[in-house]
Amino acid sequence: MKVLMLNGSARLNGNTYTALEEIGKQLEKEGIEYEIFQLGADPIRDCIGCGQCSEQGCVFTDDKVNEFIAKAKEADGMVFGTPVYYAHPSGRIQSFLDRVFYSSSKAFAFKPGAAVAVARRGGTTASFDVLNKYFGISQMPVAGSTYWNIIHGARKGEACEDAEGLQTMRNLARNMAWMMKCFEAGRQSGVALPDTKRTSRTNFIR
Ligand SMILES: Cc1cc2nc3c(=O)[nH]c(=O)nc-3n(C[C@H](O)[C@H](O)[C@H](O)COP(=O)(O)O)c2cc1C
């Protein structure tokens, strides 16, 4: 089994990466593989609501959205990590995930998800909340920890000094590994996926 993680910072080895690595190291101890997918610093488009999404994902192919979707289809769990910018997730992770989920939410359904927010000081829970919204609308069970999944640091590497933050990451990994193993055991013993319906779609005024 494998967890796909997303680093929503343009800084490849910053504090968000540190948090995700802490989760990854613990996942490996639990017998689960992981990959950290780096958004990097290249431009990322927003969703323009063109409605041209297809089985392959987003119509735009000049960034990493469709590459991530292909990896998500193969993964069994997801962790999305973001630095906090003005008390919200980075603009790049929001633009990226809007296009990923609008085109391909089926790739995520019934797979455990967790969000991680990284800040010098404030705005973590608001950012955590924003990323959790992708899970709720996509039928993804959310893995929790012993605190909200937040960690503090400003300069690169400073998150290594946040002992409680690191502990929260390790506990998140333990909980996510446990959920994934339970789901796999259920699948192997014949528990069917829920027969959810999306037949009703009403606009507020109709
Ligand atoms: C544009 C910008 C806005 C930021 N806004 C906040 C903020 O609202 N609250 C906070 O505590 N830290 C804020 N920070 C600090 C980052 O969240 C912090 O340095 C974090 O560790 C960066 O993660 P990274 O090393 O993975 O890039 C901001 C940083 C930048 C570049």
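Across all directions, the average flat footprint of the convex hull enclosing the Cα atoms of segment 54-107 is 4.0 nm².
Across the alpha-carbon set of segment 139-182, the Rg to Rh ratio works out to 1.08, Rh being the Kirkwood radius.
Given C-alpha coordinates of the chain, what is the ratio Rg to Rh with the Kirkwood estimate of Rh? On the Cα set of the chain, Rg over Rh gives 0.97.
In the elastic network of the chain, a GNM with C-alpha springs shorter than 10 Å, the most mobile of 195, 42, 62 is 195.
Carbon-plus-sulfur accessible fraction, segment 151-197 (probe radius 1.4 Å, protein heavy atoms only): 54%.
Spatial offset of segment 97-142 relative to segment 42-93 amounts to 11 Å, using the alpha carbon center of each. Only the Cβ atoms of Lys and Arg (+1) and of Asp and Glu (-1) were treated as charged; on that basis the dipole of the chain about its Cα centre amounts to roughly 500 debye. Packing-based ranking of 70-78, 51-59, 164-172 yields 164-172, 70-78, 51-59, ordered from highest to lowest mean Cβ neighbour count within 10 Å. Kirkwood hydrodynamic radius of segment 111-203 from all distinct Cα pairs, in Å? After inverting the mean inverse Cα-Cα distance, the result is 15.2 Å. Secondary-structure-derived ellipticity at 222 nm for the chain, considering helices only, amounts to -12500 deg cm²/dmol, per-run term -39500 (n - 2.57) for DSSP H runs with n ≥ 4.
Compare 192, 87, 159 in a GNM of the chain, Cα atoms joined below 10 Å, and give the one with the largest fluctuation. Looking only at 192, 87, 159, the largest GNM fluctuation is found for 192.
Total lysine pairs in the chain at Cα distances under 12 Å, for residues eight or more apart or on different chains: 7. Per the Debye calculation on segment 19-140 with a single equal scatterer at every Cα and no solvent contribution, log₁₀ I(q)/I(0) for q = 0.11, 0.13, 0.17, 0.20 Å⁻¹ amounts to -0.37, -0.52, -0.91, -1.24. Select from 99, 120, 155 the residue whose mean-square fluctuation is largest in a Gaussian network model of the chain (Cα-Cα springs shorter than 10 Å). So, out of 99, 120, 155, the one fluctuating most is 155. Using only Cα coordinates, the Kirkwood hydrodynamic radius of segment 115-155 works out to 10.9 Å.
The values are calculated or read from the model by the stated rules, or taken from the named source; none is laboratory data. Keep in mind that this is a model prediction, so the values were computed, not measured. Please note: Cβ atoms are built from the backbone with ideal geometry, for glycine as well, and neighbour counts cover all protein chains shown. Remember, those area values only see protein heavy atoms, side chains included, never the ligands or the DNA or RNA. Shrake-Rupley method; radii C 1.70, N 1.55, O 1.52, S 1.80 Å.
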